[in-house]
Amino acid sequence: MPQGDPYGIHRSLEPKGALPQPAWRIDNTMRCYDNEILIDVETLNIDSASFEQIRQEAGDDPPRIAQIMQRIVAERGKHHNPATGSGGMLIGKAAQIGDSLRDRTDLQTGDRIATLVSLSLTPLVIDEILQMDRKSGQVDIRGQAILFETGLYAKLPDDLPLKVSLAALDVCGAPAQSKKMVQPGQQVVVLGASGKSGLLVLKQARDNLGPKRESAERIGRLIAIDRGAAACERLRQLDWADEVLDLDATDPIAVMRAVADVTSGQMADLTINCVNVPGTEMASILATRDAGTVYFFSMATSFTAAALGAEGAGKDVTMLIGSGYTKGHAELALQLVRNTPQLRAIFTERYGR
């Protein structure tokens, strides 16, 4: 096969010449160009915002969920949810490595890998949906996918269960970005703290801030917010957060008042949003002090709502888009799970052995 564009532009069908992520439809013919990798797919990890939306559309009915997923791929050549704009990632085995890549990679045919680029740009064919876990968004399939020359991937480690690794790698950008942003002495709020990205962020933030202290002085404070008694009790048992608040993140005034109360009106220096439902932009913004920072990792975020909402509320905050990539992100997330028995236990319980 000839060599394709490194970014996959040769696969874009509608419109032609577009990058594959924003393209409406891409070519998912499973022929491997010289600079592509063909993958026999085992499991799709649909991102949390996308899977939640599909579940709601399907009335939480597994056959309907499967039909919607197959419809998306049939229409677009990729699992790019038109409602959320997001995708997910996958694990599988390298079935073919393009001739021009073989000398530039240590990947061998048969190696099991996780892709670290979104399904929203990955050419995909679903031949059959075999099994799905509606809680985790992990869907076992029979199918194939293409990874472009510039596509990131990680070889899956032998010391962690396969689907535990998949779950951690799906959100590995969140703790890695948090490691760069959280500074000692800050007041940090994590919204959606009991989800997989939230838990990794919470642990990384605790590590950055240092051990919990009893002093009332402003020496840094970690505030975990989630909804529901069970989720909040689990967060309290982990004992990473200084405060655990049971709040609905779609209620910005309630969140603002609760954060003001526990910070004596100082508000958060940094707010990290890991919530998987829409409508939480203003809770994040109002929880944050003027000149503070809001990091939106959630793919349910409307950046229009965030920008216009901050303007309307007169909030001078820096808002960052939650990029899924930063150098070393995959290994950092896996190490957090390896080195934290509580995290490993939760991920094993939720995502499989």
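The values are calculated or read from the model by the stated rules, or taken from the named source; none is laboratory data. Predicted model only: the values in this text are computed from it and were never measured. Note that each Cβ is placed from the backbone with ideal geometry, even for glycine, and that neighbours are counted across all protein chains shown.
If we keep just the residues of segment 38-69 that are more than 30 Å from residue 110 (Cα to Cα) and within 16 Å of the chain's Cα centre (by Cα), which is modelled with the lowest pLDDT?
49
Going through segment 292-350 one residue at a time, which ones are in contact with a Phe, Trp or Tyr (Cβ under 8 Å, 6 or more places away or on another chain) and more than 18 Å from residue 195 (Cβ to Cβ)?
Within segment 292-350, 303, 306, 319, 320, 321 meet the criteria.
Which members of segment 80-132 meet the condition of being hydrophobic (A, V, I, L, M, F, W, C), assigned to a loop (DSSP other than H, G, I, E, B) and farther than 17 Å from residue 149 by Cβ?
83
Out of 177, 204, 183, which single residue is under 27 Å from residue 315 (Cβ atoms) and in a loop (DSSP other than H, G, I, E, B)?
183
Of everything in segment 14-36, what is in contact with a Gly (Cβ under 7 Å, 6 or more places away or on another chain) and outside any loop (DSSP other than H, G, I, E, B)? Give them in sequence order.
Within segment 14-36, 25, 26 qualify.
Could you check segment 1-30 and list, in sequence order, the residues that are out of contact with any Leu (no Cβ under 8 Å at 6 or more places or on another chain) and either of a type in the set (Val, Ile, Thr) or under 13 Å from residue 148 (Cα atoms) (or both)?
3, 4, 5, 6, 10, 11, 29
Applying the selection to segment 316-327, what residues are out of contact with any Lys or Arg (no Cβ under 9 Å at 6 or more places or on another chain) and under 21 Å from residue 88 (Cα atoms)?
Once the filter is applied, which keeps residues that are out of contact with any Lys or Arg (no Cβ under 9 Å at 6 or more places or on another chain) and under 21 Å from residue 88 (Cα atoms), segment 316-327 yields 320, 321, 322, 323, 324, 325, 327.
Among the residues of segment 15-38, are any surrounded by fewer than 21 Cβ atoms within 10 Å (Cβ to Cβ), farther than 26 Å from residue 163 by Cα and among the aliphatic types (A, V, I, L, M)?
For segment 15-38, residues surrounded by fewer than 21 Cβ atoms within 10 Å (Cβ to Cβ), farther than 26 Å from residue 163 by Cα and among the aliphatic types (A, V, I, L, M): present.
Identify, from the list 119, 156, the residue that is surrounded by 14 or more Cβ atoms within 10 Å (Cβ to Cβ), within 23 Å of residue 351 (Cβ to Cβ) and touching a helix residue (DSSP H, G or I) at 6+ places or on another chain (Cβ under 6 Å).
156
Only one of (1) more than 21 Å from residue 169 (Cβ to Cβ); (2) surrounded by 15 or more Cβ atoms within 10 Å (Cβ to Cβ) is not met by residue 113, so which one is it?
Every condition holds for residue 113 apart from (1).
For segment 69-110, give me each residue that is of a type in the set (Val, Ile, Thr) and touching a helix residue (DSSP H, G or I) at 6+ places or on another chain (Cβ under 8 Å).
Passing the criteria: 84, 91.
Quick check, is residue 211 more than 24 Å from residue 86 (Cα to Cα), of a type outside the set (S, T, N, Q), out of contact with any helix residue (DSSP H, G or I) (no Cβ under 8 Å at 6 or more places or on another chain) and not assigned by TED's automatic domain parsing to the domain that holds residue 36?
yes
Would you please list the contacts, defined by Cβ atoms under 6 Å and residues six or more apart or on different chains, that run from a residue in segment 330-353 that is closer than 18 Å to residue 133 by Cα to a residue that is modelled with pLDDT of 95 or more?
347/337
Determine whether residue 6 is surrounded by fewer than 17 Cβ atoms within 10 Å (Cβ to Cβ) and at pLDDT 95 or above.
It is true that residue 6 is surrounded by fewer than 17 Cβ atoms within 10 Å (Cβ to Cβ) and at pLDDT 95 or above.
Considering only helices (runs of 4 or more DSSP H) fully contained in segment 225-341, which possess at least 1 residues that are touching a Ser or Thr at 6+ places or on another chain (Cβ under 9 Å), crowded, with 17+ Cβ neighbours inside 10 Å and at pLDDT below 95?
303-313
Going by the structure shown, is residue 49 part of a loop (DSSP other than H, G, I, E, B) and buried (at least 22 other Cβ atoms within 10 Å of the Cβ)?
It is false that residue 49 is part of a loop (DSSP other than H, G, I, E, B) and buried (at least 22 other Cβ atoms within 10 Å of the Cβ).
Kindly list, by first and then second residue, each pair from a residue in segment 185-204 that is of a type in the set (Lys, Arg) to a residue that is assigned to a loop (DSSP other than H, G, I, E, B), limited to pairs with Cβ atoms under 8 Å and residues at least 6 apart or on different chains.
196/171; 203/240; 203/340
Tell me the residue from 283, 249, 310 that is in contact with a strand residue (DSSP E or B) (Cβ under 9 Å, 6 or more places away or on another chain), more than 27 Å from residue 170 (Cα to Cα) and touching a residue at least 12 places away in the same chain (Cβ under 8 Å), please.
It is 310.
Taking the residues in segment 159-186 that are of a type in the set (D, E, K, R) and buried (at least 22 other Cβ atoms within 10 Å of the Cβ) as candidates, determine which candidate is nearest to residue 263 (Cα to Cα).
170
Condition test on residue 91, is it surrounded by 22 or more Cβ atoms within 10 Å (Cβ to Cβ) and closer than 22 Å to residue 160 by Cβ?
yes
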